[in-house]
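Working notes, beginning with the structure itself.
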Amino acid sequence: MTLVESEEHKALRASVAALGKRHGRTHDRDQLWSEAAKLGYLGVNLPEEYGGGGGGIAELSIVLEELGAAGTPLLMMIVSPAICGTVISRFGTDTQKQKWLPGLADGTRTMAFGITEPDAGSNSHRITTTARRDPDTGDWLLTGRKVFVSGVDIADATLIVGRTEDARTGNLKPCLFIVPRDAEGFERRAIDMELSSFEKQFELTLDDVRLPADALVGDEDAGLLQLFAGLNPERVMTAAFAIGMGRYALARAVEYARDRQVWKTPIGAHQAIAHPLAQAHIDLELARLMMQKAAHLYDAGDDIGAGEAANMAKYAAGEACVRAVDQSVHTLGGNGLTREFGLASLITASRVARIAPVSREMILNYVSHQTLGLPKSY
């Protein structure tokens, strides 16, 4: 891994930034998604033989970061190409790859991801959504509930994390299933959120949803490996989402601090304004370095190293984003709360990077236990 971006990455960053700038903060989401797909950005991490760019999470994170920095983030990038596309690329059957990857790459198909449950948030070991075989047909029957699932209404299918019973031990083990949007017994209810976003949040109910045998992604006995093959990219991409948001807010604040004058002096000349903005920039840059490390480790096949780095990157980026947004709004004063400057909505949005897909407290638990070797409190 090098600390200096390659010329290819610099060119990708510049071209995506230009795309975001062209569409702007008041962009049409569907048009932006379609153009980003046509230019090959949405599928940059997917295999070339299925229409992707042949890159990895490093390239995809650049795309999401730069779109966020332009004020045009595409949240479903975290879910559709990063989580679902990666899992299917690594563990799917040839049929699943041929059916889903070309569409995920060119943006004509999207996939949601359902793992969180009402009583199983950060503790995925408590997932109760279960899958059992129909002995007569070999079909799967999936029953359970999921909450805070993004974009189910616009997705062609949802990759659901369920559990099957181990025939030897009787213990439940995690497995991944592709559930079509129109599957019988698969119902959704929109969650009324204060957060304003194109991608809505849903609660899902699965009532004996019948799925063919080939709806299972990967090996029934390799559950955790396959699960974290999706969760680690999710953390890296959430970091990219947060860094992009923080950069967008900071750019607005810096521009304002240069132009806004009080007593004939730009407010940015005062250290009380300048220093917190400089600190926010440093925090975002440091978070990006950890994000790049995590993406590099993941793309290199080091799942264990990537897991640690991805958690740290997500933590650092979430904290840096919240501070950058807060300081940017504060720099603009009352103007920071107006619709004209587009920062007030980020106060709520920036909290997402702290909360999802795993809270900062659970990341601190992970680092204290796994990295530092301290005992668990639970």
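Tabulated values for the structure
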item: Carbon plus sulfur fraction of accessible area for the chain, probe 1.4 Å, in percent; result: 52
item: Which of Y378, Y256 is most accessible, then next, and so on - probe 1.4 Å; result: Y378, Y256
item: Flagged links, alpha-carbon separation over 32 Å, of K99/K376; K99/K200; K21/K314; result: K99/K376
item: Inverse mean reciprocal Cα-Cα distance (Kirkwood Rh) of the stretch 1-83, Å; result: 12.8
item: Relative contact order computed over the chain (Cα-Cα under 8 Å; 6+ residues apart), in percent; result: 15
item: Percent RCO, i.e. relative contact order, over the stretch 14-89, from Cα pairs under 8 Å lying at least 6 residues apart; result: 34
item: The chain, helix-only ellipticity at 222 nm - DSSP H runs n ≥ 4, -39,500 (n - 2.57), divided by all residues, nearest 500; result: -15500 deg cm²/dmol
item: Sequence-distant residues sharing a close amide H with K200 (under 5 Å, placed H); result: G151
item: Packing rank of 130-136, 19-25, where each peptide gets the mean count of other beta carbons within 10 Å, highest leading; result: 19-25, 130-136
item: Label-to-label distance, nm, for residues given as T265 and E7 (7 Å Cα→Cβ offset); result: 4.6
item: Cα-centre dipole for the chain with unit charges at Cβ (Lys and Arg positive, Asp and Glu negative), debye to 20; result: 1320
item: Proximal aspartates and glutamates relative to K173, as straight alpha-carbon distance under 19 Å, when same-chain residues fewer than 8 apart are discounted; result: E117, D119, D134, D139, E165, D208, D214, D219, E220, D221
item: Relative contact order computed over the stretch 164-290 (Cα-Cα under 8 Å; 6+ residues apart), in percent; result: 19
item: Rounded to the nearest 10 Å², the accessible area of D153 at probe 1.4 Å; result: 50
item: Trypsin sites (Lys or Arg not before Pro) restricted to DSSP loop in the stretch 249-333 with at most 10 other C-beta within 10 Å; result: K264
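The values are calculated or read from the model by the stated rules, or taken from the named source; none is laboratory data. Remember, it's a predicted structure, so these values are computed and weren't measured experimentally. Reconstructed Cβ throughout: ideal geometry from the backbone, glycine too, with neighbour counts over all protein chains shown. Please note that ligands, DNA and RNA were not included when accessible areas were found on the heavy atoms of the full protein model with its side chains. Shrake-Rupley method; radii C 1.70, N 1.55, O 1.52, S 1.80 Å.
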